[in-house]
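To start, the structure under review is shown below, and the notes come after it.
Values in this text are rule-based calculations from the coordinates and carry no lab data. Being a predicted model, the structure only gives us computed values, none of them experimental. Counting neighbours? That spans all protein chains shown, and the Cβs are built from the backbone with ideal geometry, glycine included.
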Amino acid sequence: MYGKRGILAQYRQTHSAAADDDPHRLIALLLAGVIEQVRGAGACIAQVDVPGKLAAIRRALDILDGLRLSLDHQAGGEIARGLDSLYEYASLRLVEANLNDDTARLQEVESLLAEIESAWLAIPQQLQTAGGSHG
């Protein structure tokens, strides 16, 4: 099991080249990782694999904690507060999904995080488009 602060370090080790060169990429990897774990938890519920479900939800919660810890509240202001609240809400829904074997709650979390991931992945493209007009 990853510690709350250890999840960022674990992803940096696993994806060191991408993460070290691009902090934006690290967050993208964390978002993809939490979505993958949520999907895995849903598959485990369908297969009545309780240990697998517990492990996947625990990893998803650890990654969400890592994402929360990565937020810069001073620089990010209202956006950082909003993301913090969203990650906290997603964590609560994961706990509820775990307690009730509720795949609808898992799908809700996956959908919320997929929207964040989509917006996050669009940022570099938007910056390149804006930067390209100077060339």
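Classification of the range 13-109 by its C-alpha gyration tensor yields an oblate form. The axis ratio a/c (a ≥ b ≥ c) is 1.5 or more, and b/c is at least a/b.
Note on Gln74/Ile123: beta-carbon distance plugged into 1/(1 + (r/R0)^6) with R0 of 22 Å gives a FRET efficiency of 0.70.
Each label was represented as a point 7 Å from its Cα along the Cα-to-Cβ direction; for Asp102 and Ala114 these points are 2.0 nm apart.
Computed from label points 7 Å out along Cα-Cβ, the spacing between Val50 and Asp22 is 4.3 nm.
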